[in-house]
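Undergrad: My structure is below; once you've seen it, I'll send some questions.
The values are calculated or read from the model by the stated rules, or taken from the named source; none is laboratory data. Bear in mind the structure is a predicted one, so any value in this text is a computation, not a measurement. Note: ideal-geometry Cβ built from the backbone for every residue, glycine included; neighbour counts use all protein chains shown. Please note that ligands, DNA and RNA were not included when accessible areas were found on the heavy atoms of the full protein model with its side chains. Shrake-Rupley method; radii C 1.70, N 1.55, O 1.52, S 1.80 Å.
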Amino acid sequence: MTRPISSPTRSRKSYILPLWFERFMAVVILLNYLLILFDLSYIPFRDFWLQGRVQTLVKIGPFEQKIPPDPFQLLPISVAPWYDWVKGIEPYRSTEQYLERVDDLIQAIDPTDLPNIQGNTASNLPNQPNLTARSGDDLESILADLRQRSEDMIRTNPFQLANKTGALETLKNKMRLQVFGTTQASATQAFQTFWTKEYLFKNGLAEQLLFFNSQIRPLIEVNYFRAIAENGYPVDNFPLLDFPFFILFFADFLVRTRVISQNNKNVSWFDAMLWRWYDAFLLIPIFRWLRIIPLVIRLEQAQLINLTPVKTQFAQGFVAIIAEEMTEVLVIRVIDQMQALIRRGKLRELLNQQRKYVDINDQNEIVEITRVVAQVMIDKVLPQIQPDVEKFLIYNIDQVLRQSKPYQQLQLLPGVRSLQAQVMTQLIGQIYERTLEVLQSFLQEDPVFDELLENLVVNLSQTTNKEMKAGKSLDNIENLLTDLLEEVKINYVNELSQTDIDRIIEETRILRQAHRLNNPNR
């Protein structure tokens, strides 16, 4: 006899692989999935991976607040230089050159007068309003170049390709507020004014460069260029990172399915692959987020998580969703079929059908069933309930006799009441015993009794069919049955579909738990 094959998601030992290997593979799949999530979130959250800072703008109507007020440095290092190549990200040439010119400006300033100008805190900058440059001509040429680049940046919007136009608008507003104290001024004019010697030296060169490095530079840094591949999509080198995982998962898939096939004689290698259908998501190079399916299953198989409560709730929720619709559809379908059969005259055909009865065992089942039921009733049931039956009969006979006036007068005579009780008890006992004897006689093999009973059943059926077909009785019955079924659909099927499915499922769960408690070995 072939041993049944259990489900791979339930049997933890069906693969004959050690638990430590199961856990190793589960951890590897988990790491791979974390890498996939990081890759999916890299482009939307590149600003964070680049600068490691967190700040959220909360805006409700006219209320606007940044939380925290100053960006909070969460990551100590920048991840972007290590991962930009995966997404084909390169610095945008014009904005990168813009920041390089700002660095040239800082280099053009005498380092003894302005140390650590690229710091992000005011403590790194001296409070000296009259700072000078090593070369006035170099400083003026750099400022002129920055003014021209600022105008080109606002006019051409190099942030659009990276979908960072919001960063451009933010830095324009910041520059307007810094120079003119309002966001309604011209952004181009604000930059033109900002990059002048008069404005920088008048308002404190150190403070203005600190403003740029802390407020404007981070917004320009988030801009980038991403090349387009030959397939028309942005460059994505993530398959190169995922390929080693693919090799490991593919080898694991082949080994597991081969082991299953070898340990189950009736399962081919291909059938074993179908058995491990969920592992196929580990090998598909698209929709990698679906690897959550094999990940969860592998974690449970490795006994790292317990999904029994979750699976129970999921099953209950799934049943609750479809049970109502299925109940209504099935009941209505059955009723419609019954109506269709009645309309097509199947009831009439059933009554008119005359055919020879096929006997497969040379026995009359109706007679035998009657004899078995009677045997139990007469031999087992009636003798046990005899005292109760006698008391019941005595009470009812006494109540009937009490309504007779002659009987009431006899009750006045001495000794009549006790004599009456004895006589009734003996009489009813004798009648009951005689009745049992008569009934027991029916249980004997009596061909006459069998023949009479069979004739009774046949005659009852034939007479009923004959009378039903007479006149319009059958037509009326068909019409009434059809209308009755239609009323059942209208009045009761909807109520049936609205039954408290959750209550029924909960009762089923309680019954199963009670069964498991009473049968711990199952």
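Undergrad: Go through the stretch 56-78 and report how many residues are open to solvent by 100 Å² or more (accessible area, probe 1.4 Å) and under 30 Å from residue 228 (Cβ atoms).
TA: 1
Undergrad: If I filter the stretch 39-48 down to residues being outside any loop (DSSP other than H, G, I, E, B) and without any contact (Cβ under 8 Å) to a residue 40 or more places away in the chain, which single residue comes out as least open to solvent (accessible area, probe 1.4 Å)?
TA: 41
Undergrad: Pairs please, first residue from the stretch 301-324 and over 28 Å from residue 17 (Cβ atoms) and among the polar types (S, T, N, Q), second anywhere and assigned to a helix (DSSP H, G or I) and at pLDDT below 75, Cβ atoms under 7 Å, 6+ apart in sequence or on different chains.
TA: Once the first residue is over 28 Å from residue 17 (Cβ atoms) and among the polar types (S, T, N, Q) and sits in the stretch 301-324, its partners that are assigned to a helix (DSSP H, G or I) and at pLDDT below 75 give 316/505.
Undergrad: Pick from 403, 353: which is modelled with pLDDT under 70, more than 26 Å from residue 431 (Cα to Cα) and of a type in the set (S, T, N, Q)? Quick ask: steps written out before the conclusion?
TA: Values: 403 fails: more than 26 Å from residue 431 (Cα to Cα).
Unique residue meeting the criteria: 353.
Undergrad: Here is a follow-up. For the stretch 222-233, how many residues meet the condition of being open to solvent by less than 60 Å² (accessible area, probe 1.4 Å) and touching a Lys or Arg at 6+ places or on another chain (Cβ under 8 Å)?
TA: Adding up the residues that qualify gives 4.
Undergrad: Does any residue of the stretch 233-256 turn out to be within 30 Å of residue 50 (Cα to Cα) and among the β-branched types (Val, Ile, Thr)?
TA: yes
Undergrad: Taking the stretch 234-270, which residues are free of Cβ contacts under 8 Å to residues at least 60 places away in the same chain, more than 28 Å from residue 30 (Cβ to Cβ) and open to solvent by 70 Å² or more (accessible area, probe 1.4 Å)?
TA: Of everything in the stretch 234-270, those that are free of Cβ contacts under 8 Å to residues at least 60 places away in the same chain, more than 28 Å from residue 30 (Cβ to Cβ) and open to solvent by 70 Å² or more (accessible area, probe 1.4 Å) turn out to be 262, 270.
Undergrad: Next question, about the same structure. Only one of these conditions is not met by residue 127: (1) assigned to a loop (DSSP other than H, G, I, E, B); (2) exposed (fewer than 11 other Cβ atoms within 10 Å of the Cβ); (3) modelled with pLDDT of 55 or more. Which number is it?
TA: Answer for residue 127: the failing condition is (3).
Undergrad: Regarding residue 330, is this residue modelled with pLDDT under 70, under 24 Å from residue 485 (Cα atoms) and surrounded by 10 or more Cβ atoms within 10 Å (Cβ to Cβ)?
TA: On the way: modelled with pLDDT under 70: no; under 24 Å from residue 485 (Cα atoms): yes; surrounded by 10 or more Cβ atoms within 10 Å (Cβ to Cβ): yes.
So residue 330 fails the test.
Undergrad: Name the helices (runs of 4 or more DSSP H) wholly within the stretch 446-506 that hold at least 1 residues that are under 55 Å from the mean Cα position of the chain (by Cα), loosely packed, with under 12 Cβ neighbours inside 10 Å and modelled with pLDDT of 70 or more? Working first, answer last.
TA: On the way: elements: 447-469, 473-488, 494-497.
In the stretch 446-506, the matching helices (runs of 4 or more DSSP H) lie at 473-488.
Undergrad: Hey, another quick one. Tell me which of these residue 170 doesn't satisfy, since it passes every other one: (1) closer than 17 Å to residue 97 by Cα; (2) surrounded by fewer than 20 Cβ atoms within 10 Å (Cβ to Cβ).
TA: Of (1) closer than 17 Å to residue 97 by Cα; (2) surrounded by fewer than 20 Cβ atoms within 10 Å (Cβ to Cβ), only one is false for residue 170: (1).
Undergrad: In addition: Identify, by number, the condition in (1) exposed (fewer than 14 other Cβ atoms within 10 Å of the Cβ); (2) over 48 Å from the mean Cα position of the chain (by Cα) that residue 176 doesn't meet.
TA: Status for residue 176: all satisfied but (1).
Undergrad: Could you tell me whether the stretch 79-89 includes any residue that is in contact (Cβ under 8 Å) with a residue 40 or more places away in the chain, open to solvent by 90 Å² or more (accessible area, probe 1.4 Å) and farther than 30 Å from residue 151 by Cβ?
TA: yes
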